[in-house]
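Some notes on the structure that comes next.
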Amino acid sequence: MISEKFNLLLVDNDAVDRRSVIKALNRFSHIVQFDIETAGTLSGATKHLRSGNYDVVLLDLTLPDSSGIDTVKAARSANSNIPIVVLADLSNEKLSLHAIEEGAGDYLVKGKFSDDGLIRAIRYAIERKRPEQKLKNAAKEWRTTFDSITDFIAILDKDFKITRVNRALADAYGVQPEELIGKRCHEVYLCTNLDCASCPHLQTLKTKKVSSLEFYEGQLGIHLEETTSPIIDDNGEMNGSVHVAKDITERKWAELERKEQDRLKSEFVATVSHEIRTPLSIFKNIISNALAGIMGQLSPKLCENLEMANRTINRLTRIVNDFLDITKIEAGKMELRRTQYDIQLSIHDTIGSLTQLAEEKNIDLKSYMPGCELVIDADRDRIEQVLVNLISNAIKYTPEGGHVNVRVEAFDKKVAVEVEDDGLGIGSSDLEKIFDRFVQIKKQVGPGEHGTGLGLSIAKEVVELHGGKIEVESELGEGTIFTVFLPLVSQYSCLAALTHGHKVPKDEAR
């Protein structure tokens with residue numbers, strides 16, 4: 001039963017020697033089959049090697065058109081992937097050893113090898129070539145992949161010298177890859193011999209971590225994002241970095257366009273808001289004077305209508321103020337008029353202003369605060385703006401007869417103001433975007449007033465401008481808790497609150 005099959009090219013100008021070799025090979029036809037083609041000259045062999053698919057070549061070193069080591073070189077030049085077994089005359093054995101050094105797989109001395117020896121030599125040459133071919137194929141595949149990447153890739157050593165580049169990088173600069181080998185990265189990108197202080201390769205060498213840099217490449221007229229990843233050997237030593245530069249020009253232009261659109265939008269909103277606020281102020285003054293009786297006695301129906309108009313003006317004023325605030329935040333122009341004061345004063349005043357709103361829905365609005373001062377350095381108006389937003393939202397989104405609790409605690413040089421309601425709660429999908437601009441969560445019970453969707457976004461920005469943070473916890477059907485954390489001015493005040501203040505448990509608050 002035939003277990004193996006090989007395509008073999010026999011190159012020998014001596015017909016007797018060819019028949020002898022073919023005869024020897026045929027003796028093993030029961031276990032291995034050879035499809036044999038022959039050539040008597042190097043030129044004929046070269047044509048076969050370039051066009052044929054052979055597993056092995058048996059090559060005589062003495063041919064009419066070539067002799068010696070040049071014959072091996074020519075055969076390998078024609079096709080370096082096919083293993084060669086040299087057929088040597090007795091007098092050319094030394095030359096055959098030299099052929100092995102030049103890449104031949106094995107050699108046999110004519111008239112001195114057995115049939116078994118011939119088969120072993122062929123198999124050995126083929127098996128020896130296979131791992132070499134696998135390595136070549138892997139290297140070729142790696143190179144093909146390397147060159148197919150459209151990002152600019154270079155491998156740098158510790159001296160900033162380029163040891164390898166891909167085709168995209170070379171093509172970008174109109175050179176062959178080998179022309180960039182040995183150059184330093186800043187010579188290619190910056191056309192200078194000086195190291196760049198912010199060079200990501202330099203940072204990677206120092207930290208053994210990935211580093212990146214965005215810059216404008218003047219030679220190519222594009223923006224690049226350059227990232228370097230460390231190359232570390234088995235001993236943990238840095239050998240260099242893989243240097244990847246990505247063309248981000250489109251992204252940069254998109255960012256500039258978006259910034260310009262945001263600027264124009266902010267200018268438009270600010271202009272419109274200012275233009276609206278002026279007539280609103282006039283209308284409010286007229287209505288306030290009328291309700292105060294300055295313009296004479298009013299009928300009950302007219303008073304009711306004027307009060308409705310006054311509430312609408314107040315709502316429009318809040319909307320205009322929200323737009324102005326978000327415009328200031330986007331422009332980085334929101335100013336804080338800081339003073340040092342007890343935040344509990346703001347909580348007390350805010351709850352007082354919202355008590356009537358809570359009573360209208362029969363909502364139990366309570367506060368729990370420690371007995372000592374909790375002094376913060378903050379813009380009081382802005383902090384109260386945040387508190388009004390959180391507490392009024394809690395009242396608005398809590399069903400009639402519900403509870404809203406405001407707790408104050410101090411710890412770790414911070415004060416935490418917690419606003420908890422037992423309303424319907426917020427779903428996880430909505431919770432993720434609760435602080436996004438223009439987001440309104442559909443959880444309100446029954447008809448009611450809807451805002452701009454900017455309140456929580458503004459609250460978050462204001463708290464963060466004060467060096468604090470705001471968090472939210474909620475589940476559908478379980479109510480919602482917003483917690484504002486702000487830094488305390490005095491650690492002593494904080495400790496006093498912890499030592500002497502009364503921390504109210506949540507179940508006790510109910």
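The values are calculated or read from the model by the stated rules, or taken from the named source; none is laboratory data. Not measured: the values here are computed from a predicted model. Positions of Cβ are backbone-derived with ideal geometry, glycine not excepted, and every protein chain shown enters the neighbour counts. Protein only, heavy atoms only, side chains kept; ligands, DNA and RNA dropped before computing areas. Shrake-Rupley method; radii C 1.70, N 1.55, O 1.52, S 1.80 Å.
Taking the stretch 409-424 as the region of interest, how many residues are aliphatic (A, V, I, L, M) and over 14 Å from GLY468 (Cβ atoms)? Result for the stretch 409-424: 2.
Can you say whether LYS414 is surrounded by fewer than 20 Cβ atoms within 10 Å (Cβ to Cβ) and in contact (Cβ under 8 Å) with a residue 24 or more places away in the chain, as far as the supplied structure shows? Steps first, please.
Details: surrounded by fewer than 20 Cβ atoms within 10 Å (Cβ to Cβ): yes; in contact (Cβ under 8 Å) with a residue 24 or more places away in the chain: yes.
Taking the combined requirement at face value, the residue satisfies it.
If you filter the stretch 425-451 down to residues that are at pLDDT 80 or above and touching a helix residue (DSSP H, G or I) at 6+ places or on another chain (Cβ under 7 Å), you find that the one that is nearest to LYS469 (Cα to Cα) is PHE435. Within the stretch 185-203, one or more residues are surrounded by 18 or more Cβ atoms within 10 Å (Cβ to Cβ), farther than 30 Å from VAL320 by Cβ and more than 25 Å from the chain's Cα centre (by Cα). For GLN261, the conditions (1) closer than 30 Å to GLU217 by Cα; (2) of a type outside the set (Phe, Trp, Tyr); (3) modelled with pLDDT of 85 or more all hold with the exception of (3). Here LEU390, LEU336, LEU354 are screened, and the one residue that is closer than 30 Å to PHE411 by Cα, aliphatic (A, V, I, L, M) and not in a helix (DSSP H, G or I) is LEU336. Within the set LEU58, LEU49, the sole residue that is surrounded by 14 or more Cβ atoms within 10 Å (Cβ to Cβ) and touching a strand residue (DSSP E or B) at 6+ places or on another chain (Cβ under 6 Å) turns out to be LEU58.
Residues that are over 20 Å from GLU478 (Cβ atoms) and either open to solvent by 30 Å² or more (accessible area, probe 1.4 Å) or not hydrophobic (A, V, I, L, M, F, W, C) (or both) within the stretch 373-400 comprise GLU373, ASP377, ASP379, ARG380, ASP381, ARG382, GLU384, GLN385, VAL388, ASN389, SER392, listed in sequence order. Would you check which residues across the stretch 204-237 are surrounded by 11 or more Cβ atoms within 10 Å (Cβ to Cβ) and closer than 16 Å to THR249 by Cβ and list them? The answer is LEU213, GLU214, PHE215, TYR216, GLU217, GLN219, LEU220, ILE222, HIS223, LEU224, GLU225, GLU226. Considering the stretch 327-340, and only residues there that are at pLDDT 75 or above and within 14 Å of LEU454 (Cβ to Cβ), the residue that is surrounded by the fewest Cβ atoms within 10 Å (Cβ to Cβ) turns out to be LYS328.
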